[in-house]
Amino acid sequence: MPHGTPDWGLVGPKNITYGLDDLGEAVVRLGSPHRFDRRGDVCAAVDFRDGFGEFIRYNTVVAGNTGLCTGHSKQGAYSVILTSAGTNAGEQGGHIVVPYTEPSWIGGEFTFSVQVDADPWRLQLYWVDRAIVWQAILRYTPATGQLWYYDGGGIYRPFAAGVWTFPTDYLRHTMKLVVDMVTHQYVRVIFNELRYSLAGILARNAGGGAYTDIDMWALLERAIGSDMDMYIDNVIVTQNEP
């Protein structure tokens, strides 16, 4: 067995094994969901293999449900299934709240399915600094293939078109939003293989907040008549994004 240097090091000859210079690779091989974009230090990572954990469910759809499901997971034993009878419009999904940290670039990420009824998905990052609730939102509309950001005036603005996704029950799509807590600006968006810079765009000042936290939401916007099952997995919040 090799010895004399750390097993993750690259110093010293090894005939059988090879050291890893990136421990993130070792962690992913052991089952971490933090594999789509490894940048940033993880504050929270939920893949539902042990239940909902710190993921707080949310549902405003009558006769709808946000539950655990086997058979469609991106990773681990379970994913979150969103069901609806199609009787009313509403929102389904959930969020993770993490303690407020020293301000840095923070990221939110989740993996989701897309169906033929093409309901929009939203990724919301809120951070509250004892004075102001700051809101940054990434929205994807499969029906039009557009990505939108939520501007400082509370209006959705398109920034990319032709972003088409394959409709399937399975979790094939991931999006990530990174924001700057110091300047209160958007930084970048990653959507599957696509990369976009939103540098310099201000997040929305939503008014006073006499507390602190960071709140990341993964939401489906259900339309009336939408009754196809949808899925969420690998919900991650990061800090110290480079």
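The values are calculated or read from the model by the stated rules, or taken from the named source; none is laboratory data. Just so it is clear, the structure is predicted and the values come from calculations on it, not from any experiment. Note that we place each Cβ from the backbone using ideal geometry, even for glycine, and neighbour counts take in every protein chain shown. The protein model used for the area step is the full one, side chains on, heavy atoms only, and it has no ligands, DNA or RNA in it. Shrake-Rupley method; radii C 1.70, N 1.55, O 1.52, S 1.80 Å.
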(request) At 1.4 Å probe size, with no ligands or nucleic acids counted, give the accessible surface of Lys74 in Å², nearest ten. (result) 80
(request) Determine the share of the chain's accessible area contributed by carbon and sulfur atoms, expressed in whole percent, with a 1.4 angstrom probe. (result) 54
(message) What distance in nm lies between label points placed 7 Å from Cα along the C-beta direction at Tyr58 and Arg195?
(response) 3.0
(request) For Phe159 and Asp227, compute 0.36 nm times the residue count separating them, minus their Cα-Cα distance, and round to one decimal in nm. (result) 21.6 nm
(request) Decide, for the range 17-79, between rounded, prolate and oblate: order the square roots of the alpha carbon gyration tensor eigenvalues as a ≥ b ≥ c, take rounded if a/c falls under 1.5, and otherwise choose prolate if a/b is larger than b/c, else oblate. (result) prolate
(request) Apply the Kirkwood formula to the range 160-242: the hydrodynamic radius equals the inverse of the mean of 1/r over all pairs of different alpha-carbon atoms; give it in Å with one decimal. (result) 15.7
(message) What number comes out for accessible area per residue over the chain if the probe is 1.4 Å? Units Å², please.
(response) 46
(message) I want to check the label-to-label distance for Val28 and Ala118. Put each point 7 Å from Cα in the C-beta direction and report it in nm to one decimal.
(response) 3.2
(message) Which residue fluctuates most in the GNM of the chain (Cα springs below 10 Å): Leu198, Leu123, Leu177?
(response) Leu198
(message) Sorting check: for 151-159, 131-139, which peptide has the highest mean count of neighbouring beta carbons within 10 Å, and how do the rest follow?
(response) 131-139, 151-159
(request) Using θ = phi - 60° and the Karplus relation 6.51 cos²θ - 1.76 cosθ + 1.60, list the HN-Hα couplings for the range 78-88 in order, rounded to whole Hz, with x at every Gly or Pro. (result) 9, 10, 9, 9, 10, 10, 7, 8, x, 7, 8
(request) Name the long-range amide H neighbours of Met181: under 5 Å, sequence gap of 5 or more, or other chain; modelled H, no Pro or chain starts. (result) Ser104, Trp105, Ile106
(request) Using Cα pairs closer than 8 Å and at least 6 residues apart in sequence, work out the relative contact order for the chain, in percent. (result) 28
(message) Calculate log10 I(q)/I(0) of the chain for q = 0.07, 0.09, 0.14, 0.17 Å⁻¹, where I(q) comes from the Debye formula with a single equal point scatterer on each Cα and nothing for solvent.
(response) -0.25, -0.41, -0.92, -1.27
